[in-house]
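The block underneath contains the structure these notes are about, expressed in structure tokens.
The values are calculated or read from the model by the stated rules, or taken from the named source; none is laboratory data. Predicted model, so just to flag it, every value in this text is computed and none were measured. With ideal geometry, Cβ positions are generated from the backbone for all residues, glycine too; neighbour counts draw on all protein chains shown.
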Amino acid sequence: MSVTISTLNTRSIRYPDRRRTVLGHLTTKPADIFLLQECGIPYKEMDGLLEEGWTLGSSFWSGSNIARADGVGILMTKPYIRPKASRGVESGRILVLDLEIQGSPLRVINVYGPTNVPERVSLYRKLRSLLLVSTPVLVGGDFNCALRDEDRSKPRRDRSSKELQAIIDDFSLTDVGGSTPPTPTWVSSSGASYSRIDMFLLSPGLRMRSLTSEAAHISDHRMVTVTLDWEGLVKIGRGSWRMNTSVLEDQTVRRSFSRCYLEWRTLKELYDSPIEWWEMVKDRVKGYLGGVGRRKAREKRASFNHHNKALQRLSLLQLEGFEVARELSETREHLATLYREERKKSQYRSKLQGLEEDEKCTRYFFRKARSRQKPILSLYNNQGDSVKNSADILRAAGDFYGRLYDTKPADGDLATAFLEGLNRVIEGGESDEPEISIEELTRAGHSINKQKAPGPDGIPGEFYQTFWDLIKNDVAEVFQAIYRERR
């Protein structure tokens, strides 16, 4: 099985006749997914018309009132491609769509780079947090910059070229069109100028089957099409649940949780041991604080959408001559705050330590974070062959550990002689060690570094430190029970 994705700068689909021409042209092409840029669509105003105009499947759009050319869209043509979530990270410039194709996830990021270099650099930097995921990622679109001197008729690599190349290097992305000599994707009407600015970047694990480009009569950009080999793609799961520790900073959440915990404590007598009761408590902790985290994530998305709408509305008023400079500045600052909070969330997910609370997510940070994400994309099996699909990788791993931990012949006489030579008597009775005290547990709990990776239950040290006065007696009782039962 394969998946085909095409990208095209549409040169605007704002007006009905133009929209019908462009969308009609796309229906004649064999792609499963289309990425469109320079759609020239206002913020939210035309989403209904655009969705109705595309009849082959679902479509997702992001417009803007800031620049007339702004606007990106992702269109699908096949029912087996299931959209899971979408969001416009930068209105009219970056659109993210999380998909599932035949049970395997894929994140698609559609990019339309600004013509202004500083704005382009700022936009590219926002890609870093979007790439910090475990699922395969495809980034495509009109980047409006050339990566190499040979990608332009007039060699000129600016700061945005270096920033984009740094992202490619840091996240081990593959520029699938970076062959030599390159194929231009934009050519001026005279033919004197050309550049390769429409690209696809693939994360590790995605395999290209073919890459083509063709002239399009509806645009001065060529349509670039990549076909991915989807057969046997390694499936990367979501991983274990981990608590969003930012919810612990909310006083209301802490008070509400404390009330719930006191209710759970009354159920202790229904369990045979404190250990079994504590397992129940941990499940309820995950359910309660996990629900709070999801609710706060929804609130944050709603806040982002609210301020983004305000930015678009104020930008429109400014174009009409209204004096709204102060309101625009305040709205941009609110959005910048939300982006900073998202970067802090990425910092926690990366499990990096040694970063200050307000330290910026620099290139070093993202390189370190990315280095922790190393999915197994291939293994050598018993025969020494490299296998690359999920079923064969699981089989190779199972065979290896099966042999590693299989029963092995042992010298029984030697083992008996060794065991009989051990002194099995502990001086002073069964044990001179006292039970674990609350003071010992308190010292151990407070010594846990913040942002330390949690155990299999996903509950980090910050939880125990936050609610220690509430739970310390129960935790001590659990440890003492474990000590007595030698679990």
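Filter the stretch 382-423 down to the residues that are among the acidic types (Asp, Glu) and loosely packed, with under 10 Cβ neighbours inside 10 Å, then identify the one that is nearest to PRO204 (Cα to Cα).
Filtering the stretch 382-423 for residues that are among the acidic types (Asp, Glu) and loosely packed, with under 10 Cβ neighbours inside 10 Å, the one nearest to PRO204 (Cα to Cα) comes out as ASP406.
What helices (runs of 4 or more DSSP H), lying completely within the stretch 305-424, carry at least 1 residues that are modelled with pLDDT of 85 or more? Walk me through how you get there before you give the answer.
Details: elements: 325-349, 363-371, 390-404, 412-420.
In the stretch 305-424, the matching helices (runs of 4 or more DSSP H) lie at 325-349, 390-404, 412-420.
What residue, among those in the stretch 236-265 that are basic (Lys, Arg) and either outside any helix (DSSP H, G or I) or modelled with pLDDT under 80 (or both), is surrounded by the fewest Cβ atoms within 10 Å (Cβ to Cβ)?
ARG238
Which residue out of THR21, THR4, THR28 is without any contact (Cβ under 8 Å) to a residue 40 or more places away in the chain and either polar (S, T, N, Q) or not assigned by TED's automatic domain parsing to the domain that holds VAL108 (or both)? Spell out how you get there, then give the answer.
Values: THR21 fails: without any contact (Cβ under 8 Å) to a residue 40 or more places away in the chain; THR4 fails: without any contact (Cβ under 8 Å) to a residue 40 or more places away in the chain.
Only one candidate qualifies: THR28.
For the stretch 46-80, which residues satisfy the criterion of being surrounded by fewer than 16 Cβ atoms within 10 Å (Cβ to Cβ), aromatic (Phe, Trp, Tyr) and outside any loop (DSSP other than H, G, I, E, B)?
Hits for the stretch 46-80: nothing passes.
Does at least one position in the stretch 17-39 carry a residue that is closer than 17 Å to LEU95 by Cα and assigned to a loop (DSSP other than H, G, I, E, B)?
Checking the stretch 17-39: at least one residue is closer than 17 Å to LEU95 by Cα and assigned to a loop (DSSP other than H, G, I, E, B).
So which of GLY103, GLY57, GLY71 ends up being under 21 Å from the mean Cα position of the chain (by Cα) and not assigned by TED's automatic domain parsing to the domain that holds LEU338?
Answer to the check: GLY103.
Please indicate, with yes or no, whether at least one residue in the stretch 110-127 is within 24 Å of LEU228 (Cβ to Cβ) and surrounded by fewer than 21 Cβ atoms within 10 Å (Cβ to Cβ).
no
Does the stretch 437-470 hold any residues that are of a type in the set (A, V, I, L, M) and part of a helix (DSSP H, G or I), and which are they?
ILE438, LEU441, ALA444, LEU470
Of the residues ARG125, ARG87, only one is in contact with a helix residue (DSSP H, G or I) (Cβ under 8 Å, 6 or more places away or on another chain), farther than 20 Å from PRO42 by Cα and assigned by TED's automatic domain parsing to the domain that holds GLY53; which? Spell out how you get there, then give the answer.
Values: ARG87 fails: farther than 20 Å from PRO42 by Cα.
It is ARG125.
Is it the case that LEU95 is part of a helix (DSSP H, G or I) and not small (Gly, Ala, Ser)? Walk me through how you get there before you give the answer.
On the way: part of a helix (DSSP H, G or I): no; not small (Gly, Ala, Ser): yes.
In short, no.
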